[in-house]
Structures are given as C-alpha cells and as structure tokens.
Ligand SMILES: Cc1cc2nc3c(=O)[nH]c(=O)nc-3n(C[C@H](O)[C@H](O)[C@H](O)COP(=O)(O)OP(=O)(O)OC[C@H]3O[C@@H](n4cnc5c(N)ncnc54)[C@H](O)[C@@H]3O)c2cc1C
Ligand code: SF4
Ligand code: SF4
Ligand code: SF4
C-alpha cells in the first residue's frame, strides 16, 4: 500500500510545497508512490489522518497554529519540516527582534483585529520533528530524496557541510577571494548547489547554518570586508536569522555596537 | 629533455588549431568571473592575454598585464584536477530486476583533452594524482580514461605569485617532466621543447626550427629569475617526523581559531583526492546510481562513524589535512602531497598559509 | 438536494483548496436572501512591510521574493523597478528584454500550474491533477511540459524557479551568453503547439455563461503587451501613471478577515489578472495569438469571469512567442547591471504579476535603507471583486446541495487564481455572528 | 564491483543484531570468491548505501557467507528488514584479516568490549573449528551493563569447551550478574598466560589502549598484540580517504594492526 502523505501549511510563502508540483518530470511517478491524501494546495478532497508522512511548511506565528501543530504531530507517524520557515522560523522570524505591536500598526489600519504571536518559531520548538529539510525554498532533489528514503524505509540524511564545497565542485570562482564580496557560503549548509556564487554574488544563507562553523572567524572575515555593525547584523539576520549560531553572533555584534 | 626549438607567436595559433584537428578539445587559461581558469580555447585571443594576477593569502585579483604577453597570469583558480578526477560523476548503475538487481559500470565519456599553459606545479600535482589513481593497488578506470590521451603543453614560469613556493617543493618553476611540449615565453615567441613522442610529432608538424643560443639563454634566465625571486618557501626537511611529533603543538588550536572549516583549501588543492561515494536512488525505486563526489577532510561527516566522530574539532581536522598533505602522504605514496602551487593560501577566504603554520610549528616545537 | 424546508442556512467552505495559501468562505442565507458573505483569509500575518523597514534596499528583492513562492519574479520586478525609479537608473535595453523573458517564464509556469493543477480539475470533475491524469493523461502531460519550460526560463536567469537569485537593482547579477539560451529556444518552440492545444482545451470547458458589471484594471503600454512597464488603465477609463496609485485606489480593512480590501475610489471593486490584461490589451498580443483568441469563439473583451482560464491560456501562448522573440534578438548587455548610488526618496512601481498588477512603494533614507514599504498584491486587490461575484451567485444556492454550492463557490473564487499567501497583510479569522 | 547475493538465512542474535547467511548469485563469482578470517565485505542495500561488515563465517567454506549486523543507522537500519530470498549486494573481501597463521600453536587471548564485536566472534569460531592447531584459548569480554552482553549463550557454550577460559566483567552490574565487576583490565589479574601468547582484540579504542598496557605488564610484546580498528569507509580500496589513520588506510593496511604499528597514535585524540 502506498504511504499516506499530508502537506500542512503554516506561516509561509507556499514555495516549499510548490517544489512538489514543480517536479514536472517526477510528479506522476511521485503520485504512483505516495498518496497525498491531504494537500490542500493541490487537491480538493482532504482525507482524515492518521498520516504516514507529514510535510510541514511554515512557522508558528499565531495561537491557533501553535495548537494546530500539536494535532498534526499526533496524527502523523513521521513528520518532516520543509523549508526555512518550518525549520528555522523563516524570514518572518525577523519579528522576533522587534516590537510586534508596532509591526501590527505598520501593516494594518486596524491592528486590533490581528491575532498573532510575538514570535515566529520553528516547528521543532513546538513538537518533535523527525527530519528537517532546509532551504528557502527546499531543493527539489533533496525533497524527493527524502521521499525516496522513506519509501525505502531508510532514515533520510542530507549533507550538512558548507556551501563552499559545492561551490568549488561546480567550478565557481570564489567571490570573497576574487571580488571581496561578502558571502555566507563558508558557514551555510549546502543544498542549493552554490547558486549565488554561480550568479556572481555572495551566498545569503537560504539553507541555514552548516553543521560546523567558526562564527568568530567568520565575523572577523566580514569585518575585514568592511561589513560591521548593523550591516553585519543584517547579513546574519536574514532568512535563517533565528537559528542559534547566526542568531548569537548577530546578537553579539549588535550588543557590541551599543 | 629534447632540443630547444623556436616557436614564433603565430605558431601558437597553429598549435591550437592543429590540436583541435587532431581531435582534442583544447583548453587553456581563460579569464572568467575575475579569475583565470582552464576553459575551451579556439584561438590565442581566447586566452587571458595581457593580463596579470595579483595573489596574496585570501585575495586574488585579475588586472592588466604586459601588452602582448600571453601567459602573464601564473597558476589559475583551478588546477587540472577537475578534468581528470571529476568533481562529481556516476560510477555505477544498479537496476532492479524481477529477482534482485543488476549492476553495470558507467563508462566515462571522455573526449581527449589538450591543455595549453600548464604550470610545473600542476604537472607535478598530476604526477601525484597518477600515483594515487593509476599506480596504487587499485586502478581507477574513470581517471585513466580521461588521463590516457591527454596532451599537455607546459609553460615555464617567468614570474611567480607571492603565494607560490614550488622552488622549496622542488616542483618548479621549470617543467622538467610529464609534458608533451613545454614553452618558455620570450618577447618574441617561445622556446619550446618536446617531452614525449606525441609532443615531438606535433612539433615536427609545426615545422619549428632550432632555437638560437641567445633565446635559450634568455629563456633560462627568465626561469632562473623566477626561481630566485620566489617569496615563499616551505622547509621540507624531515617533515613527517616533525609533524607526527608535533601532533599536540598549540599552533593547531591557533590555526583552528582562524580556520572556517569551509573545505576550500582541499577543493582547490590539485592533489587532494578524498571523495564521497553516495548511492542515489530514482524516485520509483527501480534504479540507483553510485556517484562519486569530491569530499573534504574538513567536513564533520568525513570522520564520522555511528556514535563517534574521530575529528570533532576544527583543530583535529586542520591537523589531519596538513599532516596528511605534508607527512602521511610521503608514507602512503612516497611523495609529498604538496607541490607548492599556493592555491590553498590564495583561495582560503581567511588566508591561512600552510607555510606559515609549518614554520611556526618548526620554530616552537613542544616535543624536544 | 433541494431543501425548501430550510429557511436559514450557513455555508462554510472551511478550507479553500487548490489555491495557494489559506482562506475560508462563509455565507449566511435567510429565506433565499443573502444576509452575509465573507471571504476570510486566515493566512497568518508575516509583516513584510514592517520588517522591510531598516533593511538595505539592495537586499529587498531577495526579501520581497519570499512573499510568494509562486510569483517571486513579479515581486522582485516590482521591487527593483521601484528602486530604479528612486535612484534614477536607466536600464539597458537588453536587460529590459531579459526581464520580459524572466517574467514570461513566471507567467508560463504560474499559469500552467493554475490551469492544470488548480482550475481544470474543477471543470472536469476531478479533485486534483493526479485524478485528472487518470482520466486525461495527455492533457496533464502537456500541461507539465508547458510548466516545465516556464520554470526553466526562470532558472536560466535566476538559478532556480522559486526565489531565484539573479535579479538585482539595475539588472541581473549575471547575464547568460547567447549560446547558453539556445536550448531554451528549442524547448519553447517544442511546446508552442501544446500551448495552442491548451487554449482549445480550456475553451471547450463547460464555462458558466454569466455577465457581470466589472471594472478591469491592468497596465497598458503604448507598444507592447504589459509586463514590467506601462500606465494604469481600466475599462472604466482610468489612465494614469503608477505613481498615482493612491489617487485611484484605496485599501481598507474589514474586521472579519482578510487581506486588506481594495476598491477604486468612489466606485468599488475591480478585477486584475489575465482576463483584465487581455480585455484591455488584446491589440498588443500580436496577430497570431489574437487569431487563436478569436478561434475560441469567446468574445474579447468580455465580462464573464469564467473566461479567465482561457485568458490565462492565451497569455501562456503569448509568453511563449514573446520569449522566443526576446531570445532571437538577444545580445548580452555590456554590463549585467547598471551601477548606482543610493539616495533618499520615494519609488513606486507596478508590474504585472501572473495574477495581476502588483504595486510596490518604498521610501529610503540617504544610506539606501528602507524607511517605509508598501506592497499591494493582486490577490488582495481582487478580493472585494471575488466577494461581489459570490454575492451574485448566492440566489442560486438555495436550490442546491451544500456540496454543489461549495463547488460553485470554489470555482468562482478560483477564477481569480488567488494566491493568498502573497497578500502581505492578512488577518486572523474572527467570526462575528450577528 | 557489487555482486548480487541471495540471503539464505536470517537469525536474530538479540534485539537489534541479526546474522545473515548469503550466497553469491553468480556461480563463477561464487566459486572464485575466497577470504581470510577477519576480512570484511562492503554490503549494499539497494539504492540506500553500502557499509563495511566483517565476515563471520568460516574461510574454509567460502561459498557460504555469514555476516552479523548490528542495527546502527541509515544503511544497517534497512538491513534489519532483509529477509530470506532477498538479493543484496556484496563487494569484497577487503582488509588484511586476523593473523591466524602467526597464532598457530600458540595460546590465544581474545579481548573484546562494548557491544560485542562481530569480527571476534568469527575468529573464535575459526579457532574452534581448528581447535587442535591452537593452544589455550582465553576469551575476555567487558561490558558496561549486563544488558550489553549480547551473545550470552555462546559465552556459556565456549566456557564449557576444553582448554578454553571465558572471563566476563561488567562496569555497572545488576543483581543477576555472577561475574566480575569493573572494566576489562580488571580481568587481567586472573589471566595467566605465557609471554609467547598472541592477543587479538576489538572494541572501543580506550579499552584496547588499557588492555594493551596491561598485557605489556604480563610480558606480552607489542608485536604479539593485534587489534581491529573501525573507521568510516566509503570505497574500501584506499582511495576515498575516509578511513585514514595518519599514514594508514584502515581498509587496506588494516583493519587489523599490530599494537607496535599504532601505539604512538593510540594516545592522541582527534586523529
Ligand atoms: C572494518 C569494519 C568492519 C565492521 N564490521 C561490522 C560487523 O561485522 N557488524 C556490524 O554490525 N558492524 C560492523 N561495522 C560497523 C558498520 O560498518 C557500521 O555500523 C555501519 O557503517 C553503520 O552504517 P549506518 O548507515 O547504519 O549508520 P549511520 O550512523 O546512519 O551512518 C551513516 C554512514 O556513516 C558511515 N558509518 C557509520 N558508522 C560507521 C562505521 N562504524 N564504520 C564505517 N562507516 C561507518 C557509513 O558510510 C554510513 O552509511 C564494521 C565497520 C568496519 C570499519
Ligand atoms: S522557507 Fe522560503 S520558500 Fe519555503 S515556505 Fe518559507 S518563505 Fe517560502
Ligand atoms: S564564493 Fe562563497 S561559497 Fe563559494 S567558495 Fe567562496 S566563500 Fe565559499
Ligand atoms: S597543499 Fe596548497 S600549496 Fe600544496 S599543492 Fe595543495 S593547494 Fe598547492
């Protein structure tokens, strides 16, 4: 029997779940292997749980969602987060450093109608997560490799080394060394295939921190490139800014400045 | 080495054309994205003509060079490594069958390659990789398929980058072996020598005449001048013993405080051969490819086994790399793993310099 | 089942499926009369406009892309155009053409997605593209082929189709060589017949024949079908520069839900998207697309929202032809991007996202940091119009089963291809029963 | 090259440890296949990956392969599901193996620790099959808790065999524990062997380091102490670089090393 899969959405842009639909060459094969019984973006009939595999996109930003994710976990045998929102809090986690009251006022004429949490947090802060697929958006090959692993009853493993390794494999010229451009590659997890350097620009960290990084040295590197203070803080507080090594380094730089 | 011939500049154009005609894909130093690397060349003007590189630890810039100078840029961003030891390639395919599966080797598609402008350090590095992939107990068919027909035109260095230290590693600046043709660039044309039967045959087809005595002298003077002016050096004396004994030198920690563990040094090194072997299954589960990719001892995964990581800290990994490169390599393959090209110094984003690290350890040993 | 006994009844579509994002619909009827209708969008707020404050304008295209995974290119385009206006940049003609190509890619991909994965199943009685594939594999495969080339175009210029990385203020971080695009051209030519076939296919769907009083709004450009540039135009006479957006349109908040609602000042709801663009710019689509449009037998312009799917298919065909045109003429620009100095000021721009006009306005300080940001996505602009359509349907519901009514509503909403997650400001659902 | 092999038997040793018997499918390959005690194969689970696993069956009957696998992670996790009749992949044999020739005629001390070490079980079986060729056999095994004692019945069986002594110890015993308490080296007090004995061991590296030290005290030379090491392996032919142990490639000059060769490295961390 095909495993029953579900795709859940929390605060997100839909880009990660779209990666399933963007797998044009694999989509029908995928449907032959997995039964997406709950996938509101792609299917109007929604079947009840329990689910064998749940893919969760998006971060937790509202009290309702904080309750909903618990139910999702209860209904799901295996839960994989897909994307930076679900895995790291996402770009919307920038609110975590801000006054959300003020954010509400900036965005809405009648802020009192808005119910939101003061933070955007990754799924793992709320429930147990079995597998985290990083990226903003997740890489389609990685996503399908996770599906394949689960079908083969194998624990999915995704590489966690730095973008630099793939950057060199791809034959890019390093933008740090050859152009003096700031690049988060040395401290960022691979997955995108070193896209930004291939497009002549520094990596901005879509895939979150690599499994091992030397943030002190990296901060000194940024500083030597003239990226200090607020500029350095902004580089680190981006799409995955809420993840610990980056958060702490940015916070330290911000504190230093004060 | 064979007799010195004179090769006028236009003959370089002929050489490129002739190699294409002979069925080679011809590659040479080409400027791209602010650096020079081997890429397809059809004519001399495709090369990084009249350009100069400036290199220092963690920094590379490409700028204007002497007008008319063809090989003014020394070793580029990438060595020959990616062309023979591919960054990523499929080795095997396993297909499911009714009962079990069938495995077949994937033969590499390898058009013969000709390289123009290979430096002595890179030739030395190629010899090191040959030793590893061809002359060890196991013989790598993929490497061999690409390597066997390659045609190598060396260029002797008339200047060095500040990061070069081939003299101390005894690999340059003159190419003495491992090439088919070698060139030394002069104001007017080149002094060329052939280093193989294939090279001789091509030289004969080009119809080159013998080089004049003064040309030979000035070619030698250029190479000697380059050697004499080399700014960096690494004292190779007794390195295995030194590095083995100094496994607990505090300098490793110091280097680790700077090292990003980003893997760049190992990726650009022309001799590093570590690779990962991964099986990639098709979505429908009917086929799986075994893929080999460059790997690095700087990744945490490299020394990981279930429940243990043998090199959990950056200092462990930096020491592993350097000790392997400069010491264990000699025990393993009878040659140093370092040829003095200096790429790991230039292309390290934070500019860690292995020659300085070794010198520091030598200067302050903790054992004896 | 007709339910004459029921005097009062509430229809809730709890989770609008096959739309990107999250929304619900609540309709309250009494004695056949509509008491209340609410399109509740409960997409959690992500506060883009707030956190963009203080960020560097040069990072903005990477950030605004994250508003929507389906149309990131349009977000990047509105953003860069707004800043280019602000910084007084002139864009190289070749870069301008590449941007058209970029947007063609997104239109193709997004429209193909909508037609085949979201809308067609409605008209053919399936619950998803997967079940549709069981019934009509050929149409599905055709759709996937079309969609794939759209993604390939975006990836060629930006590395990947979701949140591509190549666009920047002034141009691109890297532009392709001519030979790198040769393959795209071949692929486009291969799917052109598919695109024509797709127009025929959707125009034979059983589209309800209705006519509504609609104000269509889109950009209009003197020489070309509108994408990145043009003046605001409407079927009721608007003709103005995008800078004057606020003079013509107003956003307001409704308590029960929503993205902010938008209206034409002093008039009411308006309609954005492919149908609006085709209605207002058919004369710019070129003779070949126009003749395919005529062959459908559908009158253009028209005021039937259900013909939106056909307009979308026509735009796919147009985008394929346009992409081929750009590729044929392409010569790489001298520099991938124009260089610039940051300064303080205000910049505004509208570009045509797949779903309609997307308005951005930014104010910067002298260091190029964003002082304020305003983003008005097409879905939130369409929302009042969607409610108006649903209101018009309501009298029919009394005769229908809940399932049928639900289905009718979903189809009507999907005419607008709503991309709910891209509405930058959504409210939590607050049910207030009166 | 990966050779398909059919699983012919599956035995559960204890929870999470299984012994699989297998036969190479291709007749010619099977007949040509031979191995030495202590060598290993790379076992392949289709599409998922390949891992090094020691051969525990007898080299005297090379057409019959046996592997004991402890379920650890991704690949072995899939192997847990292997059933009789399944076709799996075998590539090998690799490595040098135990010095069984050198050991002939001598007393043999076998030391193992931790979660039971498959290569050692293969070695013990090897010696029992050729019992008269070897002197006294001493089997020392240290575990952390009694639950970690995986092959309890086999130890009992070995204990009853002639000219064989079994020594067990647990670090953290419970009430049921009838043997010694403490780390493996505690067992050395009871061990009396001539200096001509040969030692083979396998287990956590710290344990082996202490054991080697204790054996030296008993006059056993570093040359007579052999240990089997574990490192990550992806190619098993000395090319991929993962199993490097300073100048050694564990896959080709190991996995069995004499203590003399590696003693300098044993005290260092992070090698
Ligand atoms: C020479 C040798 C002989 C061995 N013999 C046996 C045996 O007889 N029985 C047995 O149960 N185990 C044995 N092992 C250990 C066995 O190889 C690992 O348990 C296995 O590789 C774990 O793989 P995994 O994918 O399940 O674990 P994960 O933790 O998911 O590991 C992921 C990857 O890391 C690598 N890896 C992890 N652990 C090891 C390891 N210990 N050695 C090498 N690579 C590793 C593999 O590439 C593996 O695929 C032996 C190891 C070596 C080196
Ligand atoms: S991680 Fe990025 S791509 Fe994925 S849903 Fe979040 S914003 Fe979208
Ligand atoms: S460009 Fe960035 S990712 Fe690539 S090697 Fe340099 S630092 Fe690493
Ligand atoms: S170690 Fe550094 S200098 Fe030596 S060969 Fe490798 S890259 Fe060149």
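Worth pointing out:
- A Förster radius of 25 Å, combined with the Cβ-Cβ distance separating residue B:131 from residue B:21, puts the computed FRET efficiency at roughly 0.15.
- Taken residue by residue and averaged, Cβ atoms of other chains lying within 10 Å of the Cβ of D:233-239 number 6.
- Other protein chain C-beta atoms within 10 Å of residue C-beta, averaged over B:93-104: 4.
- Residue D:172-residue B:228 FRET efficiency (beta carbon distance; Förster radius 56 Å; 0.05 resolution): 0.25
- Whole-Å distance, taken between Cα centres, linking the stretch D:89-119 and the stretch C:173-189: 60
- D (Stokes-Einstein, µm²/s), Kirkwood Cα radius, chain A, 0.692 mPa s at 37 °C: 170
- Burial ranking of peptide ranges C:231-244, B:201-214 (average Cβ count within 10 Å, highest at the top): C:231-244, B:201-214
- Chain C, relative contact order [Cα under 8 Å, separation at least 6], %: 27
- Inter-label distance, residue D:160 to residue B:217: 9.6 nm, where each label sits 7 Å from its Cα along the C-beta direction.
- Between the stretch C:88-137 and the stretch A:125-182, the alpha-carbon centres lie 27 Å apart.
- Alpha-carbon centroid distance for the pair the stretch B:7-46 / the stretch B:336-360, whole angstrom: 29
- Here r is the Cβ-Cβ distance between residue D:101 and residue D:29 and R0 is 30 Å; the resulting FRET efficiency, rounded to 0.05, is 0.70.
- Its relative contact order, with pairs defined as Cα atoms under 8 Å and 6+ residues apart, puts the stretch D:3-94 at 38 percent.
- Spacing of the two label points (7 Å from each Cα toward its C-beta) at residue D:72 and residue B:97, in nm: 3.2
- Using a Gaussian network model of chain C in which every pair of alpha carbons under 10 angstrom is joined by a spring, one finds that among C:88, C:347, C:143 the greatest mean-square fluctuation is at C:88.
- Packing rank of C:297-304, C:146-153, D:176-183, where each peptide gets the mean count of other beta carbons within 10 Å, highest leading: C:146-153, C:297-304, D:176-183
- Taking 20 Å as the cut-off, the amide N atoms of the stretch B:26-56 that come nearer than this to a point 7 Å along the Cα-to-beta-carbon line of residue B:168 belong to B:55-56.
- Counting beta carbons within 10 Å around each of C:339, A:76, C:401 and listing the fewest first gives the order C:339, C:401, A:76.
- DSSP assigns beta bridges within the stretch C:48-382; of those with both partners inside it, close to 95 percent run antiparallel.
- Relative contact order of the stretch D:108-266, defined on C-alpha pairs under 8 angstrom at six or more residues apart (%): 20
- Residues C:324, C:162, ranked from the fewest to the most other C-beta atoms within 10 Å, line up as C:324, C:162.
- Point-to-point label distance, residue B:210-residue B:40, nm (Cα→Cβ direction, 7 Å offset): 4.2
- Shape class of the protein assembly as shown from the alpha-carbon gyration tensor: oblate, with a/c at 1.5 or above and b/c at least as large as a/b.
- Peptide C:140-147, shielding by other chains (average Cβ, 10 Å cutoff): 3
- Computed over the protein assembly as shown, the per-residue total of -39500 (n - 2.57) for DSSP H runs of n ≥ 4 gives a 222 nm mean residue ellipticity of -10000 deg cm²/dmol, rounded to 500.
- Sorting the segments B:270-283, B:299-312, B:317-330 by their residues' average number of neighbouring beta-carbon atoms within 10 angstrom, most packed first, yields B:317-330, B:270-283, B:299-312.
Here, each number is a calculation from the coordinates, and none is a lab measurement. Just so it is clear, the model here is predicted, and its values are computed rather than measured. Cβ atoms come from the backbone with ideal geometry, glycine included; neighbour counts cover every protein chain shown.
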